[in-house]
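Some notes on the structure that comes next.
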Amino acid sequence: MQNRSTTATHRAHRASVAAWTQASACGSGRAQLHEALQNGCSGLRQNDYPDSQLDTWIGRVEDADSHRLAEPFASLDSRNNRLADLALGLDGFDDAVIAVREQFGTHRIGVILGTSTASIGRTESAYASLEDGKVAPIFQQPQVHNPHSVGHFVARRLGLGGPTMTISTACSSSGKVFGAAARWLDAGVVDAVVVGGVDSLCLSILHGFASLELVSTRQCRPFDTERDGINIGEAAGFALLLPEASEGYEYQLAGSGETSDAWHMAQPHPEGRGARDAMQRALDTAGLLPVDIGYVNLHGTATPANDVTEARALADVFTSPVPASSTKAWTGHTLGAAGIIGAVTALDVLATGHVPGTLNLQNPDPDLVYPVQQGSTTTQSDHVMCNSLGFGGNNCSLVFGRKG
Amino acid sequence: MRVAITGAGAWAAGVSCLTEMARPQEAGDQVAIPRPSAIPPRELRRSPAASRLGVEAASQACAAAGQDPAGIRSVFASALGDSDITDYMCRTLAGSDKLLSPTRFHNSVHNAAAGCWSIACKNTSPNTFVAAFEHTAGMALFESMVMVTSDLAPTLLVVTDVAVPGALADIHGAGTTAALALVIESTPESTQDVAPLLSCELEARPKSKDGTPASAPSSFDPAQATAELWPLIKAVAEATPWSGTFQLGTESQLVARLSTIH
């Protein structure tokens, strides 16, 4: 049979951003992240994750160590869910959800969360504490030991009954939640969506990236000549999205682009083809030109391969350079939460005009074909972009803007 | 939402293509992990079970629909992901040296099957992986239908389960190994006249008398997403009408009705 050709259309799906928050190594809440970015204070520390002797630096959320879930949710306990719970209580986020819950009804509010780790750290603990080869009673938590643990927990914690799912596409997971939510809102199947991403430190990630020789023994140095790998971080972040036409909100998701490299499971396309197309598509769906973008929050992991290919992709799209930086040396690479942390950082730039530079970038790699922002600057632009690029060649670029 | 199902694929115990679904399953039926021709032989050895299962079912569905595997976008889904790899990672990390295989680590990402499919077919369209534990089947169908109806682009839905080994089976049971795929297209302009039509309505989920959401039937295995979609695929294969309900959240459900044109 002759194949019919498939031309995927790329329609614009927009959404109002009604509330947002974050918890990362830079602190709990938007203000602490802003302060760290403004002062150039890294949240990274030498690896002190229990049972891991890896020589590296990590982005650990200290507040999550002592945080406990309230009694009704005790059976859903995991570090990942504690981190989610911690962030939901910040910046008035859960109050904002309660307000729309009363307006629309709990069944009309969807939940889409991104994660790569889910609660795998809890599963590791279950395996490390087997009793006669069997899982101990305290770890008998089927709703925790699966990729959807965070979606399940957040829907219950916020009392939401609408469609609930978890996207797990490695490091682009919580970028893609925005595109999915905007489609749901445009289709009219829900009236509001809680999106976000949560990833937590665990042995799988620390030792997995070490097996690929992608972990730096020093603080990461994005785009630097001496960059030699990532620092793993953990984080949780959330945003409440409403239909584009909703009144009274200052910011919106203006466009998004998703692509596949179709190249390699763990290596980016050498010319950054997928990243380039994701950025171009995000601009196209936002109806913007490259010059309209005041800041790009880069994926910028500080691996040799990511930074050189992302720079090439940037140079192809932004032929007249705009300020673009990596904030990974502040938070670490938060993997499945990288998309939401990038989005919160981009929204902070829109709200404050402060454009962070690239911490630890001292000697820009001469092989990079794009001038990445070293020091901080300011912008009055109405539009910003953020990139998240993942294993499997999974790319997502988002554009946020001031509502006109 | 109304869409057309233009192709389907399946792989499970005793089933290596859609037409075998009508055959009664036998007790001794074993599941061999498929060797899809889309994956180059040198890559097959390194491709994990979920990837081989997903690519096989996806290839069958695209061939049946006459869709170019290099162009169609996709939604991959699984309740547990690749349980083999999860068990391997957790077993290894419980040991003292914690030395993981780099290949098995990069295949531990839940979008490994989607990535494998995109690489095998040189498909640069967006792909995603969704999970919703006991609601995975319904959410994957819902997400695919929203994509088709809001963007008017054909979408490939691929759902996989991998049998649960080791200590993980103490938590989730032994599970099953199976894969299902559907090509979903907008209707009616782009579809063949004979394609079955699937209508889905999003409804508030009825609550029980005490106000709590209705619970799932007790025979339902939350870890097996393919099992819940099996009756729909079987109806597509046999071109018979079908209706059913998928849970999407504690208070929402998708009421689905398949009709065939003859």
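Looking only at the range A:140-158, count how many residues are of a type outside the set (A, V, I, L, M, F, W, C), within 18 Å of the chain's Cα centre (by Cα) and in a helix (DSSP H, G or I).
2
So, in the range A:282-338, of the ones that are over 13 Å from A:V384 (Cα atoms) and among the acidic types (D, E), which residue ends up surrounded by the fewest Cβ atoms within 10 Å (Cβ to Cβ)?
A:D284
Condition first: touching a helix residue (DSSP H, G or I) at 6+ places or on another chain (Cβ under 6 Å) and not aliphatic (A, V, I, L, M). Now tell me which residues in the range A:86-116 satisfy that.
Across the range A:86-116, the qualifying residues are A:D91, A:D94, A:G110, A:G114, A:T115, A:S116.
Quick one: in the range A:264-304, which of the residues that are within 23 Å of A:R221 (Cβ to Cβ) and hydrophobic (A, V, I, L, M, F, W, C) is nearest to the other protein chains (Cβ to nearest Cβ)?
Per the criteria, the residue is A:A266.
Just checking, does the range B:72-84 include any residue being facing another protein chain (nearest Cβ under 8 Å) and either among the aromatic types (F, W, Y) or more than 22 Å from B:D161 (Cβ to Cβ) (or both)? Working first, answer last.
Filtering the range B:72-84 for residues facing another protein chain (nearest Cβ under 8 Å) gives B:72-73, B:78-81.
Keeping just the survivors that are either among the aromatic types (F, W, Y) or more than 22 Å from B:D161 (Cβ to Cβ) (or both) gives B:72-73.
So far as the range B:72-84 goes, yes, one or more of its residues are facing another protein chain (nearest Cβ under 8 Å) and either among the aromatic types (F, W, Y) or more than 22 Å from B:D161 (Cβ to Cβ) (or both).
Condition check ((1) modelled with pLDDT under 95; (2) farther than 15 Å from A:A324 by Cα; (3) in a helix (DSSP H, G or I)) across all residues:
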| position | (1), (2), (3) |
| --- | --- |
| A:A338 | no, yes, yes |
| A:G342 | no, no, yes |
| A:L347 | no, no, yes |
| A:A351 | no, yes, yes |
| A:T358 | no, no, no |
| A:Q362 | no, yes, no |
| A:V369 | no, no, no |
| A:Q373 | no, no, no |
| A:V384 | no, no, no |
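Are there any strands (runs of 3 or more DSSP E) wholly within the range B:153-206 with 1 or more residues that are modelled with pLDDT of 95 or more, touching a helix residue (DSSP H, G or I) at 6+ places or on another chain (Cβ under 8 Å) and of a type outside the set (D, E), and if so which?
Values: elements: B:155-161, B:178-186, B:197-204.
It comes to B:155-161, B:178-186.
Tell me which of these B:S101 doesn't satisfy, since it passes every other one: (1) surrounded by fewer than 24 Cβ atoms within 10 Å (Cβ to Cβ); (2) under 30 Å from B:M1 (Cα atoms).
It fails just one condition, (2).
Mind listing whichever residues of the range A:32-68 are farther than 21 Å from A:C220 by Cα and touching a residue at least 60 places away in the same chain (Cβ under 8 Å)?
A:D51, A:A64
One residue is enough: does the range B:164-171 have a residue meeting the conditions of a type in the set (D, E), touching a strand residue (DSSP E or B) at 6+ places or on another chain (Cβ under 9 Å) and more than 7 Å from chain A (Cβ to nearest Cβ)?
no
Within 20 Å of the chain's Cα centre (by Cα), within 14 Å of another protein chain (Cβ to nearest Cβ) and among the aliphatic types (A, V, I, L, M): does that describe A:V111?
Working: within 20 Å of the chain's Cα centre (by Cα): yes; within 14 Å of another protein chain (Cβ to nearest Cβ): yes; among the aliphatic types (A, V, I, L, M): yes.
So A:V111 fits the description; yes.
Which of the helices (runs of 4 or more DSSP H) contained wholly in the range A:33-124 include at least 3 residues that are over 27 Å from A:N394 (Cα atoms) and at pLDDT below 95?
Correct list: A:62-66.
Taking the range A:82-107, which residues are within 14 Å of chain B (Cβ to nearest Cβ) and surrounded by 22 or more Cβ atoms within 10 Å (Cβ to Cβ)? Before the answer, list the steps.
Residues of the range A:82-107 that are within 14 Å of chain B (Cβ to nearest Cβ), as a first pass: A:101, A:104-107.
A:H107, the sole residue that qualifies.
The values are calculated or read from the model by the stated rules, or taken from the named source; none is laboratory data. Just so it is clear, the structure is predicted and the values come from calculations on it, not from any experiment. Neighbour counts run over all protein chains shown; Cβ positions are idealised from the backbone, glycine included.
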